[in-house]
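What follows is a set of notes on a single structure, which appears directly below.
Quick note: the coordinates plus some simple rules give every number you see, no bench work behind them. Everything quoted here is computed from the prediction, not taken from an experiment. Ideal geometry is used to build each Cβ from the backbone, glycine not excepted, and the neighbour counts take in all protein chains shown.
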């Protein structure tokens, strides 16, 4: 993990903690708008970074088009997220839950792959994914009780934030080149 | 390459080039020491950190990958383990940042190898050892760059081992895993490599980490898709390359000893090794993780002397217990001076080619 990746992990974790605190203490229209704006900007920055990296460096690389495709999809997500500003809060919450569930599912898959081929803490990864996914499901169950769903979602955010920050301090597993 | 080639095979090459048993041991010790002389080691013996010829895994884990950190990594790995083949290589329609990394791709018979060998002429045996390490690695580490780079050093699932069968070869898919605790499984072609990291400058993308230890095994032949080669497959024939490395080391050392007036690219001393060709090719082709025992036995047959094993701290006391002003004349002092001189030469050559990726020589 590069220093930049560690700093980014910590910053994203801190942002998530702020989001969770906002949603718990003041779950008004502004809180949702703030979260949507930050998410949209974050996605846009990541997508544009990938696209620039493709055109400057990765287009000469075997498999480099995947980086372009990832960039375009993430940028598309950014635009879609930004367009949610005008929809009822329940849909925004559903969207956020969807992202949470998706990230949980991806984490589970990565943990399974890590168990097979990588040395390292795959159990932490797996439990993180399972808990994220379970919390997203719980949110869906209580979606008609929006305050309860919001509280569960916020707890999930806090948990993810803490794991992300802890992971940023973890040492990179190994390299081998000699 | 590993201790089997850098220590024992280098001893054999030095002896065949005409050095005595003791001189060959000093050259071999120095060649192997290039893989051990980290900043941690230099701090322990109170040597100058500028002489570092390698970085430990722990050092790499904490290495910065900002521009200054990248320069530091590149100075060490490009100079001693991935000597660039062509600092003026041309590739169409790419920006300077890409080209700077592309030009650091390692390969044999480049201008810098000639400069490396020329620099060692007239210098102590430690400098000869350093030059032999660098020369040998240009064969083993070809097609990878000594700087972290996803777009140059990455590999993908197209990776096949070529196993001899009849007059040709069969292709066996190679499986990679990322577990250092388990040794490479030669029988089933399961090897350990570094993790895929999409970050361009991740340490995981330094050198041949993404191809695991395959470049370090003399017996292996493999086919793969290098990230930089425009979707063209590349066959790496290590038995052929290791043979050339051995014969070229003898040629280079005979030049250093004064047997030849010049050292030119693509010249090999096949005549000297001819009587032992079958034996040497046999060791190189033998399917094993470390060929030290075979090289050692061959070396002892050649010289009729016992080759002592490489002991990392053999010369520590001599260096640390003498007066500071006398350190330059100790074994390690001469190694340190040779390492700094070689590193400076490579950094300067990279800088003069208009490439700022390794910074400037102090």
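Numerical summary
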{"item": "Average beta carbon contacts from partner chains per residue of B:147-159, 10 Å cutoff", "result": "3"}
{"item": "Proxy reagent accessibility, fewest Cβ within 10 Å first, across A:87, B:273", "result": "A:87, B:273"}
{"item": "MRE, 222 nm, helices only [DSSP H, n ≥ 4, -39500 (n - 2.57), over chain B, to nearest 500]", "result": "-12500 deg cm²/dmol"}
{"item": "Folded to 0 to 90 degrees: helix A:29-56 orientation relative to chain A principal axis, Cα", "result": "20 degrees"}
{"item": "Listed residues B:26, B:294, B:259, most fluctuating in chain B (Gaussian network, C-alpha, under 10 Å)", "result": "B:259"}
{"item": "For segment B:140-214, share of DSSP beta bridges that run antiparallel, in % to the nearest 5", "result": "70 percent"}
{"item": "Average Cα contact separation per residue, segment B:94-242, under 8 Å, 6 or more apart, as relative contact order %", "result": "24 percent"}
{"item": "Order of B:45, B:284, B:203 under a 10 Å beta carbon neighbour criterion, fewest first", "result": "B:45, B:284, B:203"}
{"item": "Whole-number D in µm²/s for segment B:228-287 (Stokes-Einstein; Kirkwood sum over Cα pairs; 37 °C, 0.692 mPa s)", "result": "249 µm²/s"}
{"item": "Per-residue Cβ neighbour rank within 10 angstrom, fewest leading, A:128, A:100, B:342", "result": "A:100, A:128, B:342"}
{"item": "Considering only chain B, percent of DSSP beta bridges that pair antiparallel, nearest 5", "result": "85 percent"}
{"item": "Prolate/oblate/rounded call for segment B:153-236, Cα gyration tensor, a/c under 1.5 rounded", "result": "oblate"}
{"item": "FRET efficiency, residue A:94 to residue B:157 (Cβ-Cβ, R0 60 Å, nearest 0.05)", "result": "0.95"}
{"item": "Residue B:43-residue A:25 pseudo-label distance in nm [points 7 Å out on the Cα-to-Cβ vector]", "result": "4.2 nm"}
{"item": "Residue mean of other protein chain beta carbons inside 10 Å, B:224-232", "result": "3"}
{"item": "For residues of B:208-217, the mean tally of beta carbons on other chains within 10 Å", "result": "2"}
{"item": "Length-normalised contact order for chain A - Cα pairs under 8 Å, 6+ apart - percent", "result": "30 percent"}
{"item": "Cα-based helix-to-principal-axis angle, A:3-25 vs chain A, degrees rounded to 10", "result": "10 degrees"}
{"item": "Extension gain from residue B:66 to residue B:278, taking 0.36 nm per residue of separation minus the Cα-Cα distance", "result": "71.4 nm"}
{"item": "Rounded, prolate or oblate (a/c below 1.5 giving rounded, otherwise prolate when a/b exceeds b/c) for the protein assembly as shown by Cα gyration tensor", "result": "prolate"}
{"item": "Percent of beta bridges antiparallel (DSSP, the protein assembly as shown, rounded to nearest 5)", "result": "80 percent"}
{"item": "Most mobile of A:157, A:17, A:68 in a GNM of chain A (Cα contacts under 10 Å)", "result": "A:68"}
{"item": "Mean Cβ neighbour count within 10 Å, used as a protection proxy, ranking B:135-141, A:5-11 highest first", "result": "B:135-141, A:5-11"}
{"item": "Förster-model FRET efficiency, 30 Å R0, residue A:79 and residue A:11, C-beta, rounded to 0.05", "result": "0.85"}
{"item": "In nm, spacing of pseudo-spin labels at residue A:109 and residue B:58 (7 Å Cα→C-beta vector)", "result": "3.8 nm"}
{"item": "Computed [θ] at 222 nm, deg cm²/dmol, chain A (DSSP H ≥ 4; -39,500 (n - 2.57); rounded to nearest 500)", "result": "-28000 deg cm²/dmol"}
{"item": "Shape call, chain A: gyration tensor on alpha carbons, a/c limit 1.5", "result": "oblate"}
{"item": "Average Cα contact separation per residue, chain B, under 8 Å, 6 or more apart, as relative contact order %", "result": "22 percent"}
{"item": "Efficiency of FRET between residue B:229 and residue B:323 - r from beta-carbon atoms, R0 56 angstrom, step 0.05", "result": "0.55"}
{"item": "Whole-Å distance, taken between Cα centres, linking segment B:286-358 and segment A:30-55", "result": "50 Å"}
